[in-house]
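The values are calculated or read from the model by the stated rules, or taken from the named source; none is laboratory data. Small disclaimer: the values here were computed from a predicted structure and weren't measured. Cβ placement follows ideal geometry from the backbone for every residue including glycine, while neighbour counts extend to all protein chains displayed.
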Amino acid sequence: MPFLVLWPFTLICKLVEDSMPFPKRSPDVVVNCAALSVPRACEADPAATMSINVPSTLLEWLSAFKEANTLLIHLSTDQVYEGVKSFYKEDDETIPVNVYGKSKVAAEQFISKNWSNFAILRSSIIFGPQTISPVPKSLPIQWIDGVLSRGDKAEFFHDEFRCPVYVKDVVTIIQALTSRWISDGERMQLLLNVGGPDRVSRAQMAETVAHIRGYSTSLIKLVSASSVDRGVRSPADISMDITRLVQTLRISPTPFKEGVRLTLEAEGSG
Ligand SMILES: NC(=O)c1ccc[n+]([C@@H]2O[C@H](COP(=O)([O-])OP(=O)(O)OC[C@H]3O[C@@H](n4cnc5c(N)ncnc54)[C@H](OP(=O)(O)O)[C@@H]3O)[C@@H](O)[C@H]2O)c1
Ligand SMILES: *[C@@H]1O[C@H](CO)[C@@H](O)[C@H](O)[C@H]1NC(C)=O
């Protein structure tokens, strides 16, 4: 039975806090989702952002096991890219424009230098149904649906591009990496763009929701991202080329429209 840790995992955090005996065996896999992930919050506290987002404590803990052989699956971001072209590849230079992106680049470098068995997933916006125990933060598709369902006019950027990825594809990717490690036992040093197949603006995301729900697209006001001060720089076009992901794991991520349809179906009629 593989021993998998999803970090932050309440039980493990509790063990750390209480200095209870650690598990004797090192985990087979750790999926590191812990982060300060709100760019504006990161901008306000760079020191805290660096210390939380660079997993030095986690790797220190893992190194302490006699056979430190854990596969570290680490969630990074598309915001490592500068955002001045379309369809970034993994080998393109990373030029983050904000503290969040900088901390994620530092984390990637830390892991690549200090750990020999890892998969770094540069994820785009993750969307999908609400979790069984609802998360406190607002989810992108549900937020758009909420605004448009009230008949409110809202502004959406027409010039900021992402490749949103359906949450179940992220899970499939993590499962595929885990199975590969458990069955082959071969260490990996993987860096993967994790995005959906479609490059869309916020306005196109809203239009997709409107089409599926039957809302009027006249509620969607197109504005330029440069017209709004969000207290943090946001890269304009960080769409990603996902060829490496598709070829390495032989999976084909869900098209955006299909993912939105599945998300809204799970939410009911709103
Ligand atoms: N969601 C997306 O669209 C998206 C896109 C690209 C990349 N990512 C990356 O994917 C990962 C997960 O994202 P998310 O949206 O789930 O983020 P999130 O909602 O902000 O959750 C982050 C988690 O990290 C925990 N955490 C914060 N500080 C911690 C600390 N010092 N020690 C241990 N745990 C700590 C938080 O715990 P508490 O709740 O207890 O504070 C929370 O459970 C992050 O690395 C993020 O950068 C997410
Ligand atoms: C590797 O780990 C050491 C010790 O924690 C740290 O000082 C160093 O900066 C790390 N390397 C990178 C590239 O982050």
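Here are the numbers for this structure:
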quantity	calculated
Identity of the residue in region 64-79, modelled with pLDDT of 95 or more and within 15 Å of ligand 2 (Cβ to nearest atom), that ends up farthest from residue 25 (Cα to Cα)	76
Breaking point among (1) without any contact (Cβ under 8 Å) to a residue 60 or more places away in the chain; (2) assigned to a helix (DSSP H, G or I), for residue 178	(1)
Test: residue in region 173-186 that is acidic (Asp, Glu), surrounded by 15 or more Cβ atoms within 10 Å (Cβ to Cβ) and away from ligand 2 (no atom under 16 Å from the Cβ)	no
Hits in region 97-129 - residues which are within 16 Å of ligand 2 (Cβ to nearest atom), small (Gly, Ala, Ser) and within 24 Å of residue 179 (Cα to Cα)	112, 116
Long-range neighbours under 8 Å by Cβ, at least six apart or interchain, first residue on the phi > 0 side of the Ramachandran plot within region 67-87, second buried (at least 21 other Cβ atoms within 10 Å of the Cβ) and modelled with pLDDT under 95	none
Residue selected from region 79-132 under the condition of a type in the set (Gly, Ala, Ser) and closer than 15 Å to residue 240 by Cβ, by the criterion surrounded by the most Cβ atoms within 10 Å (Cβ to Cβ)	101
Selection from region 61-91 of residues that are closer than 18 Å to residue 103 by Cα, within 16 Å of ligand 1 (Cβ to nearest atom), outside any strand (DSSP E or B) and not small (Gly, Ala, Ser)	78, 79, 80, 81, 90
Complete set of residues in region 92-129 that are within 11 Å of ligand 1 (Cβ to nearest atom) and in a loop (DSSP other than H, G, I, E, B)	124, 125, 128
